[in-house]
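The values are calculated or read from the model by the stated rules, or taken from the named source; none is laboratory data. None of the values given here were measured: they were computed from a predicted structure. Glycine gets a Cβ as well: all are built from the backbone with ideal geometry, and neighbour counts include every protein chain shown.
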Amino acid sequence: MFEQLEMAPADAILGLTEAFKKDKSPHKINLGVGVYKDAHGETPVLPSVRLAAERVLAAEKTKGYLPIVGDAEFGLLTRKLLLGEPGAAIESAGRARTAHTPGGTGALRVAADFIKRCLGDVMIWMSDPTWANHPAIFDAAGIETHSYPYYDAQNKSVAFSAMCEALKEAPRGDVVLLHACCHNPSGVDLDVEQWRVLAEILKERGLLPLVDFAYQGFGDGLEEDAVGLRILCESLDEILICSSYSKNFGLYRERCGALTVVGASDEAVSRAMSHVEKVVRSNYSNPPAHGGAIVTAILTDNELRAMWEKEVSEMRNRINGMRSLFVKSLKAAGVKQDFSFIEQQRGMFSFSGLTREQVTDLRAKHAIYIVGSGRINVAGMTEANMPALCAAIADVL
Ligand code: LMR
């Protein structure tokens, strides 16, 4: 039976890493998948994570199952990181509960299955463009996907009026997928005023926000990056939040994320979580423990936490430093086009404006791998690979 199957296409992002590994060029550069790399081009184990992992292993007494939604302390710490001080009232009213999931992708899939099972025939609206895996996850759960305008390629900014107009037309009860910060792939985020306007539209139209929060700390800071989500929390009773510890703790392969459900009351959230539990149980039963134990160890120890916060700042600063160097080096390589907008973008990614043909040429002629949409992982740039990268871009332009 399997011989009759067609090959499925390679994944738009992870497939690039596989192709990159096979490339024999000694000069190859991978700016595809969103993984942080340090100045030496390595994805490090953060020193705070290494220390915490040692402590976790030394103190571990069992390999018994976690509860279906994971450890309660991990859930509480996750909500505190996401919602901060303004979340205290939500917390004391019992209006939020968290399920520890295998990565942010796991959180999105649990959210998608929960929506499909419990919220009727609703549709989900996602930004144009969005992370390539978003439509795939919601399609897989059987939810109809639609997009709203987001990126204004001309002005390299958010097409906010068009976004609002489209969302005002969305049917009541539909779900709106939002990126909390560091929009993937554009690197362009809403400002505070825009979040406020958006919150009003969601409220008026009875739309449910599903906030994908994968890059907390990579934009302007751990607190600063949560501003939009916290504005939504002020105005709305119900929110789904899918967060990830892959990037800010560098725990990519531990698959550690969370789905947080905010509801109108303790009872409403308990009802919702009872269905989330059913979704999890019939999917992966309960979450993998190790990544969550590391996060818990770091967030509950003052010294480790201070160390980790510094490491997050260092990662963010390195990426921003690479943005400036990239813009400068493109000029030095003779590129006439204005790329200064790249310094304004936030997070790991830059929407470079390179066309699909130019992306193909970069790979074929220069062994440089970026996503077909022109998305570049700035975190993969180093001082060492910058001259070759910019010369190659000058060539394909
Ligand atoms: C990315 O967008 O490159 C990351 O979120 C990693 C992934 O799983 O695609």
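Can you name the residue in the range 88-126 that is assigned to a helix (DSSP H, G or I) and more than 21 Å from the chain's Cα centre (by Cα) and is also nearest to Glu224 (Cα to Cα) among such residues?
First, pick out the residues of the range 88-126 that are assigned to a helix (DSSP H, G or I): 88-92, 103-118.
If we keep only those that are more than 21 Å from the chain's Cα centre (by Cα) as well, we get 88-92, 116-118.
Details: Ala88: 17, Ala89: 19, Ile90: 19, Glu91: 20, Ser92: 23, Lys116: 32, Arg117: 34, Cys118: 33 Å.
Ranking the candidates gives Ala88 first.
If you take the residues of the range 127-147 that are under 16 Å from the mean Cα position of the chain (by Cα) and of a type in the set (S, T, N, Q), which of them is nearest to Ile239 (Cα to Cα)?
So in the range 127-147, the residues under 16 Å from the mean Cα position of the chain (by Cα) come out as 127-138.
Narrowing further to those that are of a type in the set (S, T, N, Q): 127, 130, 133.
Details: Ser127: 17, Thr130: 19, Asn133: 21 Å.
The residue in question is Ser127.
Can you tell which of Thr43, Thr78 is within 16 Å of the ligand (Cβ to nearest atom) and either over 30 Å from Leu202 (Cα atoms) or assigned to a helix (DSSP H, G or I) (or both)?
Details: Thr78 fails: within 16 Å of the ligand (Cβ to nearest atom).
Residue meeting the stated conditions: Thr43.
From the list Gly219, Gly250, which one is in contact with a Cys (Cβ under 7 Å, 6 or more places away or on another chain) and either modelled with pLDDT of 95 or more or under 29 Å from Val378 (Cβ atoms) (or both)? If you could, list the steps in order and put the result at the bottom.
Values: Gly250 fails: in contact with a Cys (Cβ under 7 Å, 6 or more places away or on another chain).
It is Gly219.
Here are some residues: Thr98, Thr145, Thr105. Which one is touching a Pro at 6+ places or on another chain (Cβ under 6 Å) and either more than 16 Å from the ligand (Cβ to nearest atom) or at pLDDT 95 or above (or both)?
Working: Thr98 fails: touching a Pro at 6+ places or on another chain (Cβ under 6 Å); Thr105 fails: touching a Pro at 6+ places or on another chain (Cβ under 6 Å).
Answer to the check: Thr145.
Filter the range 108-130 down to the residues that are of a type in the set (Asp, Glu) and modelled with pLDDT under 95 and list them by number.
Looking only at the range 108-130, we keep the residues that are of a type in the set (Asp, Glu), and these are 113, 121, 128.
Passing the criteria: only Asp121.
Go through Ser352, Ser340 for me and flag whichever is more than 26 Å from Gly15 (Cα to Cα) and in contact with a helix residue (DSSP H, G or I) (Cβ under 8 Å, 6 or more places away or on another chain). Even if it seems obvious, please write down each step before you answer.
Details: Ser352 fails: more than 26 Å from Gly15 (Cα to Cα).
That would be Ser340, the only listed residue that is more than 26 Å from Gly15 (Cα to Cα) and in contact with a helix residue (DSSP H, G or I) (Cβ under 8 Å, 6 or more places away or on another chain).
Which count do you get for residues in the range 18-40 that are more than 16 Å from the ligand (Cβ to nearest atom) and either charged (D, E, K, R) or assigned by TED's automatic domain parsing to the domain that holds Gly291 (or both)? Reasoning before the result, please.
As a first pass, look at the range 18-40 and keep what is more than 16 Å from the ligand (Cβ to nearest atom): 22-28, 38-40.
Those still in the list that are either charged (D, E, K, R) or assigned by TED's automatic domain parsing to the domain that holds Gly291 (or both) too: 22-24, 28, 38.
The qualifying residues number 5.
What is the residue count in the range 97-139 for residues that are of a type in the set (A, V, I, L, M), crowded, with 19+ Cβ neighbours inside 10 Å and more than 20 Å from Gly173 (Cα to Cα)?
Residues meeting the conditions: 2.
So which residues in the range 251-287 are surrounded by 24 or more Cβ atoms within 10 Å (Cβ to Cβ) and within 23 Å of Ala297 (Cβ to Cβ)?
Across the range 251-287, the qualifying residues are Cys256, Gly257, Ala258, Leu259, Thr260, Pro287.
Against the conditions (1) in contact with a Leu (Cβ under 9 Å, 6 or more places away or on another chain); (2) without any contact (Cβ under 8 Å) to a residue 24 or more places away in the chain, where does Thr360 fall short? Just the number, please.
(1)
Considering only residues that are surrounded by 14 or more Cβ atoms within 10 Å (Cβ to Cβ) and either touching a Ser or Thr at 6+ places or on another chain (Cβ under 9 Å) or assigned to a loop (DSSP other than H, G, I, E, B) (or both), which ones fall in the range 46-66?
First pass over the range 46-66, keeping only residues surrounded by 14 or more Cβ atoms within 10 Å (Cβ to Cβ): 46, 48-49, 51-53, 55-56, 66.
Matches in the range 46-66: Leu46, Ala52, Val56, Leu66.
How many of the residues making up the range 77-87 are more than 17 Å from the chain's Cα centre (by Cα) and either small (Gly, Ala, Ser) or within 19 Å of Thr296 (Cα to Cα) (or both)? Lay out the reasoning, then the answer.
Step one: list which residues in the range 77-87 are more than 17 Å from the chain's Cα centre (by Cα), which gives 77, 80, 84-87.
Checking which are either small (Gly, Ala, Ser) or within 19 Å of Thr296 (Cα to Cα) (or both) leaves us with 77, 80, 84-85, 87.
Looking only at that region, the number is 5.
Test each condition in (1) away from the ligand (no atom under 16 Å from the Cβ); (2) touching a helix residue (DSSP H, G or I) at 6+ places or on another chain (Cβ under 6 Å) for Ile137 and report the one that comes out false.
It is condition (1) that Ile137 fails.
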